[in-house]
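See below for the structure under consideration.
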Amino acid sequence: MDLATAIVTVEMVEASQMGMKALGAGLAVGLTGIGAGVAEMGIGAAAVGATAENKDIFGLALLLTVIPETIVIFGLVVSLLILF
């Protein structure tokens with residue numbers, strides 16, 4: 001194996017590693033987004049039903065609907081840690 005082939009191989013490995021980092025970061029954000037969406041589906045339906053019966057709990061229902069979004073923020077933090 002000559003030097004030119006070894007340099008190309010090292011460059012290809014480095015590019016592959018960057019691609020895998022990007023894939024991992026995308027999965028971290030995407031899967032947490034899907035999980036939060038599934039969680040909000042059930043919480044949102046229950047919150048709307050509870051608010052229809054008693055309008056005084058609107059603030060609590062809104063708070064409970066927003067809580068799953070913190071999971072996406074954690075996924076974003078993990079993806080930034082992977083990339084940098």
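Within region 63-73, the residues that satisfy the criterion of being surrounded by 13 or more Cβ atoms within 10 Å (Cβ to Cβ), in a helix (DSSP H, G or I) and either in contact with an Asp or Glu (Cβ under 7 Å, 6 or more places away or on another chain) or of a type in the set (A, V, I, L, M, F, W, C) (or both) are LEU64, THR65, ILE71, VAL72. The residue that is nearest to VAL78 (Cα to Cα), counting only those in region 27-43 that are hydrophobic (A, V, I, L, M, F, W, C) and without any contact (Cβ under 8 Å) to a residue 40 or more places away in the chain, is LEU27.
On the given criteria, is ALA46 in contact with a Leu (Cβ under 9 Å, 6 or more places away or on another chain), without any contact (Cβ under 8 Å) to a residue 24 or more places away in the chain, exposed (fewer than 14 other Cβ atoms within 10 Å of the Cβ) and assigned to a helix (DSSP H, G or I)?
Values: in contact with a Leu (Cβ under 9 Å, 6 or more places away or on another chain): yes; without any contact (Cβ under 8 Å) to a residue 24 or more places away in the chain: yes; exposed (fewer than 14 other Cβ atoms within 10 Å of the Cβ): yes; assigned to a helix (DSSP H, G or I): yes.
Yes; evaluated as a whole, the condition is true for this residue.
Since every read-out is calculated from the coordinates, none of them should be taken as a lab result. Note that the structure is a prediction, hence the values are computed from the model and not measured. With ideal geometry, Cβ positions are generated from the backbone for all residues, glycine too; neighbour counts draw on all protein chains shown.
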